[in-house]
1. Using 0.36 nm per residue of separation minus the Cα-Cα distance, give me the extension gain between residue B:542 and residue B:151 in nm, one decimal.
2. If packing is taken as the average count of other Cβ atoms within 10 Å, what order do A:114-125, B:593-604, B:92-103 fall into, highest mean first?
3. When all C-alpha to C-alpha distances in region B:332-649 are sorted into bins of 20 Å, what percent of pairs does each bin hold, rounded to whole numbers?
4. Subtract the Cα-Cα distance of residue B:70 and residue B:498 from 0.36 nm times their separation in residues, and report this length gain in nm to one decimal.
5. May I ask you to sort B:247, B:302, B:406, B:204 by Cβ crowding, counting other Cβ atoms within 10 Å and putting the fewest first?
6. Hey, any idea what Rg/Rh is for region A:96-168, computing Rh the Kirkwood way over Cα pairs?
7. Using every Cα-Cα pair within region B:279-428, state what percent have a distance larger than 19 Å.
8. Take the alpha-carbon centre of region B:206-246, take the same for region B:482-555, and report the distance between them in whole Å.
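What follows draws every value from the coordinates through simple rules; no lab data is involved. Computed from a prediction, not measured in an experiment: that's the story for all the values here. With ideal geometry, Cβ positions are generated from the backbone for all residues, glycine too; neighbour counts draw on all protein chains shown.
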């Protein structure tokens, strides 16, 4: 059996952590803090639905900590079996001082214990301020749902997720 | 020769067309006739002119002729690294010889080469024609030979002169693309049907290669397909064997479903028409008989037509496989108190808590599919016990995924469907691009990772055996490659040791991948175990000495070798098992792992369960998805030779 006997020092000594790439931290994408968040109007889309200030954000760090995500529905409570929209913002860290800029995200939801997701695929729209709107979320049955926000850059996905209970 | 072969083919195809015309439309195959035990590893069976005689392929080993009524009457017609066969009606057969990379045509029964159809040696592939890759099926075609190249995701027609007449496929799920095609057949018009295994469909092409239609889709309902493995077209009907639906589905040329037969035997190793993991189907040219090879059951079954035609075929009771508790895949991942196993039929991973005497199922995650958190077909699973993370290689979707288990180790043990969360996933084309930057002089394919392991030292990178490129690569915490560690040829498993990773190859060789390089601990040459290996693990005792355990699916044994001795042994130091379904016996044991307390877990695949043993082979526990026990099952009567519970026959 012919083998390349590479010297493996590099493989074993490299601690297995590389700097992030793909998603960039926008130098001038400073974002407002939660308390004084103001959504910009969509310059093209006309009337932009805006979440009432009372609707709370759900926030969490991504699985590997490369970014921080918060989202909230534009209506509350989340309707069962009716479409609704959510807004999503990504930051470089939990100080939410700097936007985390990336080309695209995936917003989805599922019920792992039932082995299914939503029956629809929401449409994503990026706003001028760098935040996102996912239109057409639909949770078609009551129970525990998982909400996912995935950042995919250069062939690598990193997920942030939450659980919520939808009453019938 | 070319002209002669064309004449033979023409006659053959005319014969097929005639038989199609002559065959009564209401005939329906599927009535059980007989079953014949064959040697382990037999994946393909073809009728010869005398229907009592079959040609059998054991890939990598031999081609045999066997009497179906008297299996003792068998002749080895060729030995070598053959990977595909087909019998022609002129009394010759075609085989792909992987060692020479050529197609050979031989006479029966002597096996001597009769024709000059050696595309590499006597009639080489024409300049510019790509060499053959992973050939798994051959079929005669009006323009030459239809060649199915599984991991190249393509089907080609190669002329008798070595020219390429037609090329179908390319990896993907779009129309005309394939994902690990397994077999193909030519209809009377020269059209081609391909079983697109990991897209779970049949695709039909016109004689010029234009896509015509596809049907199937993954599922168990009639007309849907799950891992179709073989196809034959006779009498105007299309017969498709499905590995994971354990049946044969019959379609009209339009793709309209007609009927099915087989389905899972409720008692493992029960035949008499019940089919289990079929890998090939051959229908006689007159459509009156079929031969189905089931390597997992080490047998072939012969079927004839129902006197009552399709109506009778449709009225046959189909056993449900719902009573089969667990369909564990061939490998597992274990670390400390965690065990993960893949279930190919559901497409999910099941996780067990192993801190107690038997395995307790604590979560199941993911589904079959192509989304970022779905799984196609897995190549390997690895568990890192401390961070409770599961790394998964998906060879169909070309991904590596990291799932995190949110579990309170000290809390109450319970089933939690929300325990596993996808953290990251990497498209392996990204990995390929990064490998190109690491070693730009190599021509890198998208990796296909079939083993994963990490040394137990702090900060050790995850190592991945990449079959597509024949290398082991080291990955960082983001699952990106940081080094090419060594070459590998045919990896079965990798095992994390204290400061190194052991690479176990299919030929039984065991190599240590260490900081300083690669060392051979055990040579696979002249191996006394002389059969494929299903899985491997390592146990270190209190003194620090290590034993590598290997599972042997064909002889239903576990063997152990002292790996640290001054002269690592070729003869096993430990051995247990034997065929049967009693506790402590196996049917096709495969994946192995070590859990807390130096206990060894064995995937007992054929018995749809897992078992736990001491390193000395003492049975401790048996479990499946829904149950486990630590007191041996009482058996009223047991077959002394096989250990099979005779009560199961009731």
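1. Working: separation 391, 0.36 × 391 = 140.76 nm, distance 4.37 nm.
Length difference between fully extended and current span is 136.4 nm.
2. Values: A:114-125: 14.6, B:593-604: 22.2, B:92-103: 20.1.
Packing order, densest peptide first, comes out as B:593-604, B:92-103, A:114-125.
3. 33, 59, 8, 0
4. Net length gain for the segment: 148.9 nm.
5. Values: B:247 27, B:302 22, B:406 11, B:204 19.
Final ranking by Cβ density, sparse to dense: B:406, B:204, B:302, B:247.
6. Values: Rg = 13.5 Å, Rh = 13.5 Å.
Checking Rg against Rh, the ratio lands at 1.00.
7. Values: 7002 of 11175 pairs.
When every Cα pair of region B:279-428 is considered, 63 percent fall beyond 19 Å.
8. Between the Cα centres of region B:206-246 and region B:482-555 lies a distance of 38 Å.
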